[in-house]
Amino acid sequence: MIANLFQWCRPSDLRKLGIAGMNKRNGEFIARYNPRALYPRVDDKLETKILANEFGLKVPELYGTVQYQSQVKQLGQILEGHESFVIKPSQGSAGKGILVILGREGEYFLKPNGEKLTLHDLQRHVSNTLSGLYSLGGRNDKAMIEYAIQFSDAFDGFSYQGVPDVRVVMFLGYPVMAMMRLSTEDSDGKANLHQGAVGVGIDLVTGKARSAVQHGRPIDKHPDTGRVLKELVVPHWNELILLSSQCYEMCEMGYLGADIVLDKELGPLILELNARPGLAIQVANNTGLLPRLETIQNLTRAERIMASAQDRVDFAQKHFA
Amino acid sequence: MNSKVQLRILIFILAAIGIGVMLTKHFQVGYPLIPKQQVPIWTIEAKISFQATGDPVKVSLAVPGEQTRFGILEETGSSHDYGFIPAGNNPLIAGFYRSVIWSKDQAKGLQDLYYRIDVYQKKNLEEVELHAPEVNPIEKYSEGQLGVAAQEVIASAKRHSADAVTYAGQLIQALTNQNDQNTQTLLASVSTDLQRANLLNTLIINGGYESHLIRALLLGETSTRQSLQPIVFLIDGDEHHAFEWGTPKPIKYENALAWQRGGPSLIEIEGGKNAKVEFSVVKQELPASFVLEQASRQRENSITDFSLTSLSIEQQDSYRLLLTIPFGALIVVIMRNIIGIRTTGTFMPILLAMAFLRTDLGPGLILFVIVVSAGLTMRAYLSKLDLLLVPRISAVVVVVIGIMVGFGIVGGKFDLQIMQSVTLFPTIILSWTVERLSVLWEEDGPKEVGIQTLGSLVVAIMAYAAMGNPTLRYLVFVFPELLLVALAVILALGQYSGYRLSELMRFAPLVKDNKEGAA
């Protein structure tokens, strides 16, 4: 971090590489292409899920929701028949308030670390969620109970705890860049790059790793597991990238980030959407976003509107390889 | 694109209005651009004493009007039990003979009347139009022996002069020549300075030029018992020249306040005798903005009627602070969007800066560190108790206020200066800061709290420096239209889509990598 202080570059260098800065992203892309009124579609995970179901896009199945404190008692009925599940706040941030249950033992629920919880514990967790313990600014919230993802073993050894996911940034529905976010000990199992997670740039055509960074500097191996990051390949890549591209029709946000997870059996599932995807993806890919964004801006309206999600993926794979 | 053009036009209009109004006020009204500029003002008191005879009394005193070099701040006439008619602002006579009148139905014995006027020296000279009233040539010098002598002096001066100025010069020279027969005749009935000046004035008028008599007060340092000096004021088209008895050349008076201009006499009195007028002058220096404000109110100038200086001192104080906030906001915009420093919330740095303005920077920073670390420690403990967010943060606020009250008490006991600067306002701001940081801690973790707190402090200190700057405070208070300029700059910065300074560092590894890759 300190070493970074002594390393500077010129604005002209960044322009040459087509790096998008914060001001550019906020002013010319987010403010212009993401209508304020549509934000709830991505900020509220429940709304995202309902929309995705309407549009037939794959998401972790919703078992049920709890909206009011009076419904907390019915939690047991919702959970009936589900061995494993996840309870999460619909407007939570940074992974707070997510409770994963991987199995049952009699009347106990088992957390991944083996800890046993009673139904009463779960009810208290849901009750806390409703009163806003885990949501941004303490707003009242809803609790969602959904399918617990069975992580694909393709990423064994690439992640230290936590959920490896693929972030695809799309502009007007065209995938422009993708990266895999791997949690580390440094990031405390979280997948946020600024907290120390590893970002791996993913080739849009093959789903293979291109380059990787941690703390803003290039790395070759995962700092905790030592696996060579270049070996990383995202399976079901074409299906994954098509799924993310389809999010555009669903939420109509021009500048959008889709977080996709890979399930062992179900394949790619949309975990959540983000209307303000970060710029670190450029560092992970060692490439600037601007030339790609401009390529898409230069398309005619007809070209853009008549293109199907598959057409957009083909276009991206042809031009942004 | 259209909206960009609109924005640019808007920015241009805002900046133009702001700067335009400011410059207008500067050049037209004379508001200085530098604070604390002192303007000399003189308080002149004229004391009229006379013996009342027991009849109805009416005293009329000539008083100064608005003039080229001096402006009037305030004038009052106070005298026990007398009716007073102020001079008023008759535009026709504004620059000319003005008089105030005292009256009473009956008075006996020695009477004292006072007239007070505050005048200030104008920074920019203003031409005051002088409409000399009709002057009747004094009969005394148009017939008889005096008339003949006057005619001859006039004729001689005419022969040796080319214009008004040289004519007046010739007259003065002739009148100081004691050997001349005509001069002796003319001066025989003249004994005082005033009478001599009157004679000179009359001869100029009889010679066909325009002039009038001024009785001027020479303003210098504080003095008592000043007397008026008679000056003959020659009007030559657009040019004015002042002449004095004995000096054939026009004289420049930098400090002469024309107390009486033209008109019958300095004082006219009915129902009294032995009147005499004494002048005392007190000079003092006052802040320019205050003086100008007073002056324009006197003149009922519309531009300054809406000025903040017409508010009470207390209100002015809060507006002074309020008006600097936009400049704090400007600093925040620059630091966040151009430099790229991360701060907690958009306006927390401004609020912190305002708190620092109250406590001073050093004590403010110490207080900040103590209160914030105590508050966050408290928060860490409370979060273990699994409380809901709002009660948890409210508890933190209660604790913070407890800490500050504790400091207040300790400070009072041990006479610590730092602790005494704690007032309600900074207390609220600091509690709120702790709340914000607690929320941030919950959402983004301690590292982010560290980065943003440091960023907020840096920005707050810069905003403090700007908002506490006396020049800026003065300027924005006297020229509130500068807010429009600040708005224009902020709007212009809102368009900036280039890189932030911090990004030059953030993306540096990327550039290095690409260069190495290419090599």
Using Cα positions and a limit of under 28 Å, work out the lysines in reach of A:Lys45, with same-chain residues fewer than 8 apart set aside. A:Lys24, A:Lys58, A:Lys73, A:Lys88, A:Lys96, A:Lys111, A:Lys116, A:Lys142, A:Lys190, A:Lys264, B:Lys384, B:Lys447
Of the candidates A:Leu14, A:Leu256, A:Leu232, which one comes out as most mobile in a Gaussian network treatment of chain A with C-alpha springs shorter than 10 Å? A:Leu14
Sum -39500 (n - 2.57) across every DSSP H segment of at least 4 residues in chain A, then divide by the residue count to get the 222 nm mean residue ellipticity, nearest 500. -7500 deg cm²/dmol
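How crowded by other chains is B:493-504, given as the mean number of beta carbons from other chains within 10 Å of each beta carbon? It would help to have the intermediate numbers written out before the result.
On the way: counts 1, 2, 2, 4, 10, 6, 12, 5, 2, 2, 10, 8.
Per-residue shielding by partner chains comes out at 5.
Order of A:His120, A:His194, A:His125 from fewest to most other C-beta atoms within 10 Å?
A:His120, A:His194, A:His125
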Specify, per residue and in Å³, the volume enclosed by the convex hull of the alpha carbon atoms belonging to the protein assembly as shown. 269 Å³
Take the alpha carbon atoms of segment B:148-242, find their radius of gyration, then divide it by 2.2 N^0.38 Å using N residues; give the quotient. 1.16
What full-extension length gain, to one decimal in nm, is calculated for B:Ala162 and B:Asp360 as 0.36 nm per residue of separation minus the Cα-Cα distance? 64.2 nm
What whole-number distance in Å separates the alpha-carbon centres of segment B:20-66 and segment A:261-321? 76 Å
As I understand it, the value is the acute angle between the Cα axis of helix A:45-55 and the longest principal axis of the Cα atoms of chain A; what does it come to in degrees, rounded to 10? 70 degrees
To the nearest Å, what is the center-to-center distance of segment A:137-167 and segment B:256-277, using C-alpha atoms only? 98 Å
Tell me the angle of helix A:237-251 to the major Cα principal axis of chain A, expressed in degrees between 0 and 90 and rounded to the nearest ten. 80 degrees
Ordered by residue, what ³J(HN,Hα) values in Hz, to whole numbers, does segment B:3-19 give under the Karplus form 6.51 cos²θ - 1.76 cosθ + 1.60, where θ = phi - 60° and Gly and Pro are x? 5, 5, 4, 4, 4, 5, 4, 4, 4, 4, 4, 4, 5, 5, 4, x, 5
Angle between the Cα long axis of helix A:309-319 and the longest principal axis of chain A, 0 to 90 degrees, nearest 10? 40 degrees
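Each value in this text was obtained by applying a stated rule to the coordinates, not by laboratory testing. Just so you know, these numbers come straight off a predicted model, no measurement behind them. Note that we place each Cβ from the backbone using ideal geometry, even for glycine, and neighbour counts take in every protein chain shown.
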